[in-house]
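The values are calculated or read from the model by the stated rules, or taken from the named source; none is laboratory data. The shown structure was predicted, so the numbers you read here are calculated from the model rather than taken from an experiment. All Cβ positions, even for glycine, are placed from backbone atoms using ideal geometry, and neighbour counts span all protein chains on display. These accessible areas exclude ligands, DNA and RNA; they are computed on the full protein's heavy atoms, side chains included. Shrake-Rupley method; radii C 1.70, N 1.55, O 1.52, S 1.80 Å.
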Amino acid sequence: MVKRKLAAHDNLKITIQHNGDKFHVKEISTFRTLEIDFTLGVTFEYSLADGTELSGSWILEGETLKGKFTRKDNGKELLTTRVICGDELVQTYSYDGVDAKRIFKRG
């Protein structure tokens, strides 16, 4: 419950840049700033804001980025998508039977 309350106030801002199959993502929030470079289809390591460590990769299907990640602590899979809809970035998550959606407005 504490993590959920903190997440509600993280004020996350995401900047995504790409050149071909290479991406640079910058995440800035109240709690941390993180920059990630990845190449589509290539596995990389990533840590969530709560410290959960993941390993996985992104692919691009049409206009949708699709991520498939595995938690290092329990081996469970986290699926996520990112798609631009008008002036919004819509991100979805699916983990352990729970689905969520987060919408970011263009700044």
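Applying a threshold of 7 Å to beta carbon distances and a minimum spacing of six or more residues, or different chains, the list of pairs starting in segment 38-50 at a residue that is over 21 Å from G20 (Cα atoms) and of a type in the set (S, T, N, Q) and ending at one that is assigned to a strand (DSSP E or B) and open to solvent by 60 Å² or more (accessible area, probe 1.4 Å) reads S47/E53. A Cβ distance below 6 Å, combined with a sequence gap of six or more or placement on separate chains, defines the contacts here; from segment 89-107, residues that are at pLDDT below 95 reach residues that are exposed (fewer than 10 other Cβ atoms within 10 Å of the Cβ) in the pairs R106/D87.
Scanning segment 54-91 for residues that are open to solvent by less than 30 Å² (accessible area, probe 1.4 Å) and under 19 Å from L12 (Cβ atoms) gives L54, W58, L65, G67, F69, L78, T80, R82, L89, V90, Q91. For D96, state whether it is at positive phi and touching a strand residue (DSSP E or B) at 6+ places or on another chain (Cβ under 9 Å). Taking the combined requirement at face value, the residue satisfies it.
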